[in-house]
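Worksheet: the structure to be examined is printed underneath.
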Amino acid sequence: MKTETGITSTVKSYFSEHTIQDIIETIGQIKTHALLDWLAHKKIKPENTLIIGAYLTGAMIAKRLKEYNVTIVDKHPHLKCLTDPHVTFKNPKTIRGSWDLIVDTSGIGGIKPEELKIKTRAFIVESPISDASDPIIKNHDETKKRIQAVKVPLKGILYTSGLNTKTSGTMTLTIEVLRRSLNKILKMDGVLYASSQLRFYERILFKEKDCEKFIESLKENAIIASSLKRIDCDLPIKENLRMIKSHIKEI
């Protein structure tokens, strides 16, 4: 664990080994494993897969399934930088043909149900809401409309929860992991203050459209704490990540 001397030698700064990217990847793995477990249970080995949405979750699922001839579509062409080079990247308007598996990760404001005129053997939609506590967010959720728009033998919804967040987006969950972890560290005896090197990452990616800057910024240590005694900044991060669970509910 990286440590630095603070204002005086009495005070030290402790850095988490976890980076922002590590947290994002762990959450993405939780979601991906839920999908892989479902595919294994259904004995599905897709020969061609379509992922809708290239931001974080979509990119990570595509990377894990790349051996199954994966195509990922997104209306933001610069998001190609997030995807594995072995994954085909296309504009959503070019979607054609039939697929063994389609996974929609486009979330709130994503692909419209009427645009889902696609043939597939299995269809999974990631629900963007977590505990559905916010009525406004819930009213913008089109998960069930998308599910109903595709006539398919096997379909289900990917749910992720555990931290009582308003949405189940990977970035939302990442911010909550950091917020909870910081709160726990601040309550520890001897801690003067703690901080995260958080930025408004989505602005870098979707307004500045600077993918390289976005990727580089995620490599920063997730938490830094100033303390009079040695502390482990990674412990609360690990505890919060273990609380996150994903599963697929068949419809």
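For the reader, a short list of remarks on this structure follows.
- When the chain is described by a simple charge dipole with +1 on each Lys and Arg Cβ and -1 on each Asp and Glu Cβ, the residue from Ile108, His41, His76 located farthest towards its positive end is His41.
- Scattering profile of the range 6-142 at q = 0.20 Å⁻¹ [log10 I(q)/I(0), Debye over alpha-carbon scatterers]: -1.27
- Charging the Cβ of each Asp and Glu at -1 and of each Lys and Arg at +1, and nothing else, the dipole of the chain about its Cα centre rounds to 660 debye.
- With the largest listed first and rounded to whole Å, the semi-axes of the equivalent ellipsoid of the range 130-190 from the Cα gyration tensor are 34, 12, 7.
- Within the shell of other residues whose beta carbon sits under 15 angstrom from the beta carbon of Ser161, the net charge comes to +2, with Lys and Arg scored +1 and Asp and Glu -1.
- For the range 53-117, the pair-distance distribution built from all alpha carbon pairs, in bins 10 Å wide starting at 0, is 21, 60, 19, 0 percent.
- Aspartates and glutamates with Cα under 15 Å of Lys166, excluding same-chain neighbours fewer than 8 positions away: Glu126, Asp131, Asp134, Asp141, Glu176
- For Lys207, net neighbour charge (Lys/Arg +1, Asp/Glu -1) across residues whose Cβ lies under 14 Å away: +1
- Charge dipole (Cα centre; +1 on Lys/Arg Cβ, -1 on Asp/Glu Cβ; no other charges) of the range 52-182 amounts to roughly 360 debye.
- Whole-number percent relative contact order across the range 1-154, with pairs defined as alpha carbons under 8 Å at least 6 apart: 17
- The range 180-251 - Debye-derived log10 I(q)/I(0), Cα point model, q = 0.22 Å⁻¹: -0.95
- Accessible surface area normalised per residue over the chain is 52 Å², counting heavy atoms of protein chains with a 1.4 Å rolling probe.
- Rounded to two decimals, the Cα-based Rg/Rh of the chain, with Kirkwood Rh, is 1.02.
- For the range 111-154, the dipole from Cβ point charges (+1 on Lys and Arg, -1 on Asp and Glu) about the Cα centre works out to 400 debye, to the nearest 20.
- Alpha-carbon geometry of the range 131-251: the Rg and the Dmax are 18.3, 61 Å, given in that order.
- For Lys75, the lysines whose Cα falls under 16 Å of its own Cα, not counting residues fewer than eight places away in the same chain, are Lys90, Lys93, Lys112, Lys207, Lys209.
The values are calculated or read from the model by the stated rules, or taken from the named source; none is laboratory data. Just so you know, these numbers come straight off a predicted model, no measurement behind them. Using ideal geometry, Cβ is built from the backbone for each residue, glycine included, and neighbour counts are taken over all protein chains shown. Heavy atoms of the whole protein, side chains included, go into the accessibility calculation; ligands, DNA and RNA do not. Shrake-Rupley method; radii C 1.70, N 1.55, O 1.52, S 1.80 Å.
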